[in-house]
Structures are given as structure tokens and as C-alpha cells.
Amino acid sequence: MDFSKINWKKAAITAGIPLVILIFLGLWPTIGPQYWVTLFSYFLLYIIISVSWTIFSGATGYISLASAAFYGIGIYAAALFREQFAANLPLIVVVLIGGLASFVLAFIVGAITLRLKGIYFAMFTFGLVLLLKEVIYYWEIQFNDLRGRFVAPESNDTIYYYLLGIFVITMIVAYLIRRSKYGLALQIIGENEEAAAHTGINVTMVKVLTYAVSAIFIGAAGVIMATKLTYVDPGVAFSPMMSFSPVLMAIFGGMGSIYGPVIGAVIFTYIEEILKTGSMKNYYMLIFGVILIGVILYLPNGIVGSIQNLWKRISGARRAHTRG
Amino acid sequence: MHILEGEGVTKYFGGLAAVSDVSFYVDEGEVVGLIGPNGAGKTTLFNLISAALEPKTGEIRFKGKKINGLKPYQICRLGIARTFQTVKIFGNLPVIENVRIGSLFGPFKGLSTADATREANELLEFMGLSDVAYAPARDLTLAHQKRLEVARALATKPTLLMLDELMAGLNQTELIEAMDLVKKIREKGTTIVMIEHVMKAIMNICDRIIVLHHGKKIADGTPQEVANSKTVIEVYLGEASDAGN
Amino acid sequence: MDLIINIVLGGLLIGGIYSLISMGLSLQYGVAKVLNIAHGEFLMVGAFITYWLQQNGVDPLLTIVVGGPLLFLVGFILYRTVFTSIRLKAPNTGVYESNSLLAAFGLYFIVQNIAVLIWGTTPQRFSYLASSVTILGEDFNENRLVATAFAVAIGAAFYLFLERTRIGKAIRAAAQDPLTAGLMGVDINFVLALCFGFGAAMAGLAGVLISICYPITTTMGLGYTVIAIVVVTLGGLGSIPGSFIGGFILGIIGTGVTYWEPGLAVASYYVIFIILLLVRPKGIMGK
């Protein structure tokens, strides 16, 4: 490699900014007010989910509406493995179990449905969330004589640092996939699946594996959030909003870069926080719907993409851009 | 030696035979033309060889080994590359990236990134696409998009290249360029099977021609033999008078 | 034996309404290519308009005359504004279908939450033609018979409309091949908007009929959307006879499962849906 060609200034910025942000996030519970620490936990949660969603769906264009299923599986992993089977399993082990369970579920779903047309995949994954909710309700009421379960709470700081850890891993994995040959394979599957297959890409393997890997982080986050909710039932665990939120956040922020879903997640989490009480909740969902349609109509590349396009147009005016 | 062989290959679509009991072979180094009226089953046969479809019965062998039942990516890595009747390029990616993808994923052992870039540049040079290497592929003209598809196919290092209507929709100049291109590829030692409607090109380039009609093979021989075959003339004349009605 | 008669008759009675809802979705997805997840919301709006007018002394069946055209107009305008724009901007059908699915989800959030803000979440019901009728030894409410009769009549009328009229032919042409239909002088955007409008109107009419038989809530829409999706998958996309057969089959299965274990009725729909997608995505009447 020719070291003289490395742009040190650029390298310092790409490595430096995330490092500064990470140090800030690491110190936040010690410097920030309690309310804001909790709010940041939610920021981290939604960033994890929308970045994970984007790893697979953003690249391939297959819209997965199963995020709530993976999240719910994580929540139930916490409820079962913290309370029922082995009350004293350390939290980290339960987090791994939740991630693994989501991986397995996503792998099975992917293996049987990723040969379907995109729109049927979306419907199937959405149906899965509702199916799990119904079946677990039935199972709990019929066989366990209960509707919901209690999960032992963890301190706010523990929850925060676990989410921060999952967040860091999610971001690194998303970044590495995006930069790798594997990420390129995903992208061209999104461009033209048939041509990708005939160019030597094992399309099924790439799709199923990525989908399963992206589900790990959502399941792990579900485990942590169960300790924050302390009471969980299928309605809470498998709320369809958990499936739609990452889609809207990612599209709104823009899926062309890794920052897009992050920005989208922070904005919507904040709006939800402002509008979370009483009938304001309905206003939030109303606004959610309006923005969803607005973004699809007017911001196809999201905020980040639109800013980049604008920037290109400005700099493009200076350097006359020639097309083939 | 027969590099590619088919034996009794059959494929049905909703009860109708699209390809019916077709046996064929392709020798190493040959350029074989696959012709026939619309709906004769030519593209279906390509799809069967490249594993986009699976035959109902029959066997397809490549270098003596049975290949039906494999997946498209495995076929590609064995050394069979193809292009498509309607171009399927990766439109949002730059031209050079399209070719690099071929080198990265296509060969049995994928190339390193640096080698892939070097090879992509060579191939673009060979194809006359160097000037547009960094343009998004969707911005190219149809003739250039078709060339790009061939470049991507060549990047996978095929021993057998299947071209599906490379010449369709090209103007006179582009047509002559495309014919030269096929000859150049063959000179590199690649075996070629091409579906084509442009008779001038077929007669000019091919060593041998296989004619399909209603999913059945009705002729197989040198351009001269096929041009003089009574059955083939009937099929094409019948087609012409059908079109006249 | 009594139980079987009861389940089959009960299934047929609800199945008629399921058919009507599904026909609407079949038009919206089969022709206009919008998998309208907000379909059930139009139904819910139809039901609440009926409820509101009934409270003000209007006969529920008269609402058909108001609700149908009103929802048709809403659907038509929605397609002309939102979905046409998505269609024209999309590079291919796949992107158009995905984006319109997401926009339909947006619509679902909007309509449902406006309804919750206006009418709250408590179930509402009113009594209409509540006397009972005996068929084959089983008792059924008169309103369910009337509702089913209307559903079948509306469905049949629409079938004739598609088969016999010029606009009907244009719709069928567009369903077959939008591109060629466009070339042959059919104003494709108009026809697709028409289909979306008709789909919304059918959902609305189904809502009117549901409100005279069953309690209604502002959150009931999604459940009916799911039923419509399953029926359409079962009967085959764009097939009106398929919608009828699928509707009746699902009605009977749903009634049967509810008898056995009410908690699993909805789950059984998903299971049918999942099996169908994997085994025969074209549906029983699909080509």
C-alpha cells in the first residue's frame, strides 16, 4: 500500500469523531441529568434497531416487518431465563440467549420466505409478529394461567451501558459489512438479484445469513428493555410499532449512509418522548403516518441523502460534471 | 472434446413444453448459434444451462460432469457466464464496479480487490468502455450497456460464454462492432453459444448453428447446411407468412 | 350434526361480508398494485359513519347510498394524489409496490388515530333488525341475513359491471397489462384511481353491513385487512369468483375455530396465509 496517498486528515476525522462521541456517551451517565440519561437509553435502543434493520433491508430492498418479532423474542427470553428457568443467570448470558434466539428465528424465516417476491416477504414478516403475539397470549393464558410476566429490574446505568455496548457492536458490524465484499454482494442483490446470482453470488446464503445476523442486535436489545419495562405481556413485547419505527427512522434519515438511520432514530425518539402521554400518543402516531407518506413522496433519499445531493449540486456547479 | 452436452433436456410451463427432448453439444473453441422463431425455447434453454430453471427431465453436462441441479452461482464459478436478453446491469453502480463484481465473485477463487480493479480496467479497455468507466451504468447507451454486460460476464473468467441477443436493437455501426467483439473474444479461446436473430451476424460468425422450433431441435449443422435445410426454410417461411396475415 | 350446520351457516353468513371486503382489496392490489394495509380503516370509517347517522335517526341501510360514494371519492382522490405520484417516481414495479405498501401503512396510522381521537376506543353498537330467524333448525339474527344478502348483491353487481361495461373492460385490460392498456388509449392513471376508489367503496359498504350486525371499534380495521389479505391469497389475486369462494371458506374456518378455541381464530388465519404463501401463492383460482 502506498502510504503517501493516505489522506491523514480524513482518516483522523473518520476515526476521531466516532471516538469522541463514544467517550462522550461513555461518560454521559456521570455528567448528564437522570431524565436525559434515560432518554439517551431510548436513543440507543432505536438506533440499534434502525441500524440493524438497514443492514439487511436497506441494502437489499426487501422490507422486513419482523423487527417487533425479534425484539419480542428478546423480551420473552429475559422473562423466561431471568425469572422462570434459572433466576440467577447473569444478564450478559441472557442477552446472548436473546440474540441467539432472534438469530435462529430470523434464519428460519429467511430460509423459507426469502424466495418470495418482496411484497410477500413484507406481508409474511408482518404476519409473523401478529402470529407470535396471538399464539403466546394463548399459550400463557391456557397453560400458565397468566397474561403477563414480571422481570426483575436493573439500574438505569446498567441498562444504559448494556445498550451502549450493543450499540457499539451494531455500528461496527454495520460498518464492516458496508465496507466489505459481502456488503457489495448485498447491494447488488438489491440492484438485480438475478444478475447477481449469475455473477457468482450465492444469493440465498448471503440474504439469509445477513438477515439472521441483523436480528441478533434487535433480540439482544429486547432482553435489556425487558428489565426496564419490568412487566411484559405479548401486547407490549410484540407491538407492531416496533416493526414500523425502524422503517420510518431509516427511510427518514436516509439509508445511503450509516448516519442516516442514526439521525432518523434520534429525531423520532425525541418526538415520541414529547408526545408520549395520554391522547398525545395518538397525535404521535398520526404525525408518524403523515411523515411516513411525506418522506416516501418527497425525501426518497432521506435527510442525509438530500443534503448530500444538495452538496453535490453546489460543488458540481463548480466542477462541471460530465456524464458518459 | 464436447465442453457442453445436453441429453433429452425437457422443460414444461403450465403443461406446455417450452423445451422438449433437446439433445445438443458444444465443442471447445466453437462459436455456436442458437436460432429459431420467437417462443422456440432458446432463452429457456439458456436458463436451463445457467440453472435459472431446472429441467424436468434430461441431463446437462459441462466438461463431462452433470450440472443440472446446481445453483446459478455454482454454474458461474464452474466457468459458464451469460448475458441477458433484456440487459440486467447494476444501474446505480459505476461501470467499473459492475466489472469488478464479476472478478470478485465470479471465478472459482475470487480475486483480491487490487487484482479485480486491475483486471476490470483491462477488460474495459478491451471492450472500449474506458472512457465511461466511472459513469453510473444506467447512463450508458443500450449498445454500451450490452458491452458492459459482456465485460462483466468475461470478468468471471468463463470457458463458455452464452450471449442472449447481443445484436438486437443495435444500429449498423454498432452491429459491426459487436461482431468484431465476438470474434475477438473467441480469439482469446473462449467458447461461445449465442442466441441471435440477426442472420447476417449468425452466418458470418458461427461455426455451427442449432435451430429450435416449438421447443424441439429441428436442425444442427454448419451455416451452409442450415441455410439450405428444407425444414428450416419452411419454418422461417411459415413464420414470415404468419406475420403477413 | 347441529354443530356442523351451525358452523357452516354461520360461516357463510360472515363469509359474504368477507368476500366483499376482499373484492375491494383484490382490485386495489390486483389492478392498482397497492397492497392497501389501510383497507380495513376504510371499513371502520364506513361503520362509524353508519353508527353516527343511526344515532341521528338515519336508517343504517340508507347509509349505503352515502357511505359508498363518499369513500369512493376519498379513495379516488388518494390514488390521484399519493399513489400516482409514487408510481410515476418509482424506477420499477418492485419499488412502487414496496413504497405504496409503506404509504398505505402511513395511511393506516393517520386514519386510525384520527378515528380514535374522534370516537375513542370503546366498542359501540346499536340494535337493528335484531329479531331472530330459524334456518335448518338454527337461529340467526335477521340483520346477518340482510347484511349477507346485500354483500352478495353488491359483489354480483360489481362483477356484472366489470364484465359488461366499457370501463369494466378497461379495468380488466389494465389488470392484465398496464403498459399495453396504456398504449391502447386507456387513461391508465384514471383507471387505476378508479380501481382504488371502488376498493375503498367496497370496504366502506362492508363497514356499513358489519355495523348493523356486530359491535364496532375504531381499532378493528387491521383485523379485517388481515382477513382480506388471507382471502385474496386464498382465492387468487384479481379473481372475483375467487374472492367469493375464499371469503366463504375463511368464514367457515373462522367460525369453526372460534367454536373450538376463540383465542386461536386470528392465529388460524395467519397459519392459512403462511401455508398458502409457501405452497400456492397464486391462490386456488389464480392463473
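Taking segment A:168-211 on its own, how many of its residues are within 26 Å of A:Ala265 (Cβ to Cβ), of a type in the set (S, T, N, Q) and surrounded by fewer than 17 Cβ atoms within 10 Å (Cβ to Cβ)?
Residues flagged as within 26 Å of A:Ala265 (Cβ to Cβ), of a type in the set (S, T, N, Q) and surrounded by fewer than 17 Cβ atoms within 10 Å (Cβ to Cβ) within segment A:168-211 amount to 1.
Could you check C:Leu70 against (1) assigned to a helix (DSSP H, G or I); (2) open to solvent by less than 50 Å² (accessible area, probe 1.4 Å) and say which number it fails?
(2)
Mind listing whichever residues of segment A:253-302 are more than 20 Å from C:Val82 (Cα to Cα) and among the hydrophobic types (A, V, I, L, M, F, W, C)?
Scanning segment A:253-302 gives A:Met255, A:Ile258, A:Val262, A:Ile263, A:Ala265, A:Val266, A:Ile267, A:Phe268, A:Ile271, A:Ile274, A:Leu275, A:Met280.
Suppose we filter segment C:86-124 for residues that are out of contact with any Leu (no Cβ under 6 Å at 6 or more places or on another chain), small (Gly, Ala, Ser) and within 8 Å of chain A (Cβ to nearest Cβ); how many remain?
3
Can you pull out the residues in segment A:256-270 that are in a helix (DSSP H, G or I) and either surrounded by 15 or more Cβ atoms within 10 Å (Cβ to Cβ) or modelled with pLDDT of 90 or more (or both)?
Hits for segment A:256-270 are A:Gly260, A:Pro261, A:Val262, A:Ile263, A:Gly264, A:Ala265, A:Val266, A:Ile267, A:Phe268, A:Thr269, A:Tyr270.
Which helices (runs of 4 or more DSSP H) does segment B:87-170 wholly contain that include 2 or more residues that are within 17 Å of B:Ile192 (Cα to Cα) and within 13 Å of chain A (Cβ to nearest Cβ)?
Filter on segment B:87-170 gives B:142-155.
Tally the residues that are away from chain C (no Cβ under 14 Å) and part of a loop (DSSP other than H, G, I, E, B), restricting the search to segment A:62-106.
Adding up the residues that qualify gives 6.
Quickly run through segment B:178-216 and pick out the residues that are assigned to a helix (DSSP H, G or I) and at pLDDT below 90.
Here is the first cut: in segment B:178-216, the ones assigned to a helix (DSSP H, G or I) are B:178-187, B:199-205.
Correct list: B:Met199, B:Lys200, B:Ala201, B:Ile202, B:Met203, B:Asn204.
Condition test on C:Ala38, is it more than 21 Å from C:Tyr214 (Cα to Cα) and crowded, with 22+ Cβ neighbours inside 10 Å? Step through it out loud before you land on a result.
Details: more than 21 Å from C:Tyr214 (Cα to Cα): no; crowded, with 22+ Cβ neighbours inside 10 Å: yes.
In short, no.
Considering (1) under 30 Å from C:Gln124 (Cα atoms); (2) over 18 Å from the mean Cα position of the chain (by Cα); (3) among the hydroxyl-bearing types (Ser, Thr, Tyr), say which one C:Thr93 fails and leave the rest.
Answer for C:Thr93: the failing condition is (1).
Among the residues of segment C:201-208, is there at least one that is at pLDDT below 85, of a type outside the set (Gly, Ala, Ser) and in contact with a helix residue (DSSP H, G or I) (Cβ under 6 Å, 6 or more places away or on another chain)? Spell out how you get there, then give the answer.
First pass over segment C:201-208, keeping only residues at pLDDT below 85: none.
The answer is no; no qualifying residue exists.
Is it the case that segment A:72-88 has a residue that's surrounded by 23 or more Cβ atoms within 10 Å (Cβ to Cβ), farther than 15 Å from A:Ile224 by Cα and of a type in the set (Gly, Ala, Ser)?
no
Determine if segment C:231-244 includes at least one residue that is farther than 22 Å from A:Ile119 by Cα and within 14 Å of chain A (Cβ to nearest Cβ).
No, segment C:231-244 has no match at all.
Would you kindly identify the helices (runs of 4 or more DSSP H) lying entirely within segment C:149-260 that contain at least 2 residues that are of a type in the set (Val, Ile, Thr)? So that I can check it myself, show each step before the final result.
Details: elements: C:166-176, C:178-183, C:188-213, C:221-235, C:240-260.
Qualifying helices (runs of 4 or more DSSP H): C:166-176, C:188-213, C:221-235, C:240-260.
Let me spell it out: the conditions are (1) open to solvent by less than 70 Å² (accessible area, probe 1.4 Å); (2) within 14 Å of chain C (Cβ to nearest Cβ), and A:Trp139 meets all of them except one. Which number is the exception?
Of (1) open to solvent by less than 70 Å² (accessible area, probe 1.4 Å); (2) within 14 Å of chain C (Cβ to nearest Cβ), only one is false for A:Trp139: (1).
Each row is one residue, and each column tells you yes or no for (1) away from chain B (no Cβ under 14 Å); (2) at pLDDT 95 or above.
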residue: A:Tyr175; (1), (2): yes, no
residue: A:Gly183; (1), (2): no, no
residue: A:Thr204; (1), (2): no, no
residue: A:Phe217; (1), (2): yes, yes
residue: A:Gly222; (1), (2): yes, yes
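Of the conditions (1) surrounded by fewer than 16 Cβ atoms within 10 Å (Cβ to Cβ); (2) assigned to a strand (DSSP E or B), B:Glu54 fails just one. Which one is it?
In the conditions (1) surrounded by fewer than 16 Cβ atoms within 10 Å (Cβ to Cβ); (2) assigned to a strand (DSSP E or B), B:Glu54 misses (2) alone.
A:Gly294 fails exactly one of the following numbered conditions: (1) of a type in the set (Gly, Ala, Ser); (2) free of Cβ contacts under 8 Å to residues at least 12 places away in the same chain; (3) away from every other protein chain (no Cβ under 14 Å). What is the number of that condition?
Here A:Gly294 clears every test but (3).
Here is a list of conditions, (1) over 19 Å from A:Met225 (Cβ atoms); (2) outside any helix (DSSP H, G or I), and A:Ile287 meets all of them except one; can you say which number that is?
For A:Ile287, the failing item is (2).
The values are calculated or read from the model by the stated rules, or taken from the named source; none is laboratory data. Given the structure is predicted, the values throughout are model-derived calculations rather than measurements. Note that we place each Cβ from the backbone using ideal geometry, even for glycine, and neighbour counts take in every protein chain shown. The protein model used for the area step is the full one, side chains on, heavy atoms only, and it has no ligands, DNA or RNA in it. Shrake-Rupley method; radii C 1.70, N 1.55, O 1.52, S 1.80 Å.
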